[in-house]
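This report concerns only the one structure given below.
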Amino acid sequence: MKAPAFQFYAQDFLTGCTYLTNEEIGMYIKMLCKQWTDDKIPVKRLEFLIGKSWESLSEDLKDKFDFDGEFLTNKRLEIERQKQLEKSEKAKQSADRRWKKPPETPKNKRKKESMRTHDKRTSESDAFLEDRSMKYEDEVEEEIVVETAVGKIESAKTNFEEIITVFNQVCNQLPQVLKLNDQRKAAINSRIKEHGLETVGKALQMVADSDFLNGANQSGWKASFDWIFKPTNFNKIIEGNYGNRTSSNAKSDSNLKQSANDAVDAMFGVSK
């Protein structure tokens, strides 16, 4: 998925625009935005984009772009694009290392057997709470899970801080998590218990790759950490309901496109 934003260096921009008029600065920004979304600017579409042809631009503005006879590109912007791609790739590799299952060892095997023995002695009260939690809506279920799971967080030895760090790195186009509270710990613990740590990592990568969950929808809505870790939403994510969809018969009519976006929003049942 193409990043929706690029790094903006305020002081560099002001210095570089010293000899541009305010009108030219507006044209410059619009051209940069066009290049970021489409990779390069067709010179034949420039007059439609900014109201002026390439030949009529001042030399100061022309100096900001390379022209190959057909397309315009700003070198600095492409450098920033490459930086983002490299950072994203490093984050993915880091996530893969974190979520990879450790090899089976005699010590791990004994620990698993010990945990299974402990689970057999789980009280009827705990079992009742777990069964009962499946019958409620997402928010109610999480409240019940908090009562039973928070007390087990320490023994589970889940590295919550590391999981939050991975989320902020991999899903870097979504609202970042700044505070880790008991409710979020319970949600993380529940999803790991249900699906395993590796699946949680894969789910975060699926979220990062989803155009829809990163704001490419009619309202610009983006998924949050809390929304992702709700049981129903999490299940939809790992089932591929939010994967990118392409069609060879895509329609250009704006009304049909808007109707399609409305249908997608309704189908996914996303609450804004």
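Before moving on, here are some points about what is shown:
- Put simply, of 61, 20, 46 the only residue that is surrounded by 14 or more Cβ atoms within 10 Å (Cβ to Cβ), assigned to a loop (DSSP other than H, G, I, E, B) and on the phi < 0 side of the Ramachandran plot is 20.
- Every pair of residues 6+ apart whose Cβ atoms lie under 7 Å, when the first sits in region 232-257 and is in the same structural domain as residue 201 (by TED's automatic domain parsing) and part of a helix (DSSP H, G or I) while the second is aromatic (Phe, Trp, Tyr) and modelled with pLDDT of 80 or more: 233/227; 236/242
- Failed item in (1) at pLDDT 90 or above; (2) of a type outside the set (Ser, Thr, Tyr); (3) more than 25 Å from the chain's Cα centre (by Cα), with residue 36 passing the rest: (3)
- The test for being at pLDDT 90 or above and under 18 Å from the mean Cα position of the chain (by Cα) does not hold for residue 166.
- Output for region 187-246, where each listed residue is of a type in the set (S, T, N, Q) and more than 12 Å from the chain's Cα centre (by Cα): 189, 190, 199, 217, 218, 219, 232, 233, 235, 241, 244, 246
Residues are listed down the side, and each one gets a yes or a no for (1) of a type in the set (Phe, Trp, Tyr); (2) touching a residue at least 24 places away in the same chain (Cβ under 8 Å); (3) assigned to a helix (DSSP H, G or I); (4) in the same structural domain as residue 168 (by TED's automatic domain parsing):
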{"site": "52", "(1), (2), (3), (4)": "no, yes, no, no"}
{"site": "55", "(1), (2), (3), (4)": "no, no, no, no"}
{"site": "72", "(1), (2), (3), (4)": "no, yes, no, no"}
{"site": "88", "(1), (2), (3), (4)": "no, yes, yes, no"}
{"site": "92", "(1), (2), (3), (4)": "no, yes, yes, no"}
{"site": "97", "(1), (2), (3), (4)": "no, no, yes, no"}
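- Qualifying residue in region 227-244 (condition: in contact with a Phe, Trp or Tyr (Cβ under 7 Å, 6 or more places away or on another chain), at pLDDT 95 or above, under 16 Å from residue 188 (Cβ atoms) and hydrophobic (A, V, I, L, M, F, W, C)): yes
The values are calculated or read from the model by the stated rules, or taken from the named source; none is laboratory data. Remember, it's a predicted structure, so these values are computed and weren't measured experimentally. Please note: Cβ atoms are built from the backbone with ideal geometry, for glycine as well, and neighbour counts cover all protein chains shown.
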